[in-house]
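Here the structure comes first, spelled out in structure tokens, and everything after it is commentary.
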Amino acid sequence: METQVSTNTAQLKTADLQQQLCEAALYVSGRPLDLKMIGSVIGARSEDKIRGIATAVAERYRMAGSPIQVVELPDGRFVMQLKAEFGKHVRKLANRPLLTPGPLRTLSFIALKQPVTQSYVVRVRGKLAYGHVKQLKDMDLINDERIGRTRMLRTTSTFADYFNLNHDQSLMKKELKKALQLGEDPQLPIETTKSEN
């Protein structure tokens with residue numbers, strides 16, 4: 001009887017440790033993690049067990065009413081993130097914004113119109129868009145594919161992960177329109193200013 005109690009206690013400690021390791025991995029990575037990666041950190045192989053542990057961490061945050069949440073994405077990966085309603089209140093405390101307004105507007109335009117030619121992006125966003133496109137490619141937020149003499153621009157999975165959007169382009173566009181409070185045919189600002197770099 002005593003051996004069974006100590007075995008149960010050891011299993012409970014192992015489960016607690018695995019949840020703590022899962023939470024630590026999600027916190028440190030700052031990006032979505034798949035079950036295999038979480039499993040390598042917590043020392044588990046069974047996808048069901050790994051998903052159960054990650055779900056338990058997510059439930060603990062939900063029950064605590066925390067501004068932080070752990071979310072399972074449609075593709076089965078898990079991510080730790082700030083709830084959207086808290087972002088606007090603490091944004092000014094972030095070390096540095098990912099993008100300045102000009103490149104962010106260019107990225108939004110590309111995401112909503114993708115696949116889109118680079119020449120069309122430059123025609124709409126202005127000559128500064130060449131620099132924006134280079135910066136966005138360097139950050140792995142967009143990629144380009146040469147088709148003849150033109151370049152076709154699309155967002156990457158890094159973009160979808162960073163902004164917590166669906167990887168499917170049509171669903172991503174719907175999510176973006178909703179987030180940006182745009183109608184079905186978004187009209188983004190065409191004018192550019194020198195302050196947008």
* Qualifying residue in the stretch 173-194 (condition: at pLDDT 85 or above and open to solvent by 80 Å² or more (accessible area, probe 1.4 Å)) -> yes
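Identify the residue in the stretch 17-54 that is acidic (Asp, Glu) and assigned to a helix (DSSP H, G or I) and, among all such residues, is least open to solvent (accessible area, probe 1.4 Å).
Filtering the stretch 17-54 down to residues acidic (Asp, Glu) leaves 23, 34, 47-48.
Checking which are assigned to a helix (DSSP H, G or I) leaves us with 23, 47-48.
Details: 23: 43, 47: 114, 48: 123 Å².
Across the stretch 17-54, the extreme among qualifying residues is 23.
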* **Criterion (closer than 21 Å to residue 174 by Cα, open to solvent by 30 Å² or more (accessible area, probe 1.4 Å) and either free of Cβ contacts under 8 Å to residues at least 24 places away in the same chain or out of contact with any Gly (no Cβ under 8 Å at 6 or more places or on another chain) (or both)) met by exactly one of 111, 84** => 84
* Residues being closer than 20 Å to residue 177 by Cα and part of a loop (DSSP other than H, G, I, E, B) - total across the stretch 104-156 -> 4
* **Leading residue by the ranking (surrounded by the most Cβ atoms within 10 Å (Cβ to Cβ)) among those in the stretch 120-148 that are touching a strand residue (DSSP E or B) at 6+ places or on another chain (Cβ under 7 Å) and of a type outside the set (Val, Ile, Thr)** => 136
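Only one of these is modelled with pLDDT of 85 or more, open to solvent by less than 50 Å² (accessible area, probe 1.4 Å) and within 18 Å of residue 101 (Cα to Cα): 117, 155. Name it. First the steps, then the outcome.
On the way: 117 fails: within 18 Å of residue 101 (Cα to Cα).
The conditions single out 155.
Each row is one residue, and each column tells you yes or no for (1) among the acidic types (Asp, Glu); (2) in contact with a helix residue (DSSP H, G or I) (Cβ under 7 Å, 6 or more places away or on another chain).
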residue	(1), (2)
99	no, yes
104	no, no
107	no, yes
115	no, no
121	no, yes
124	no, yes
133	no, yes
138	yes, no
145	yes, no
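The values are calculated or read from the model by the stated rules, or taken from the named source; none is laboratory data. Since the structure is predicted, the reported quantities are computational estimates derived from the model, not experimental observations. Every residue, glycine among them, receives a Cβ derived from its backbone with ideal geometry; neighbour counts consider all protein chains shown. Side chains are part of the model used for accessible areas, which takes the heavy atoms of the whole protein and leaves out ligands, DNA and RNA. Shrake-Rupley method; radii C 1.70, N 1.55, O 1.52, S 1.80 Å.
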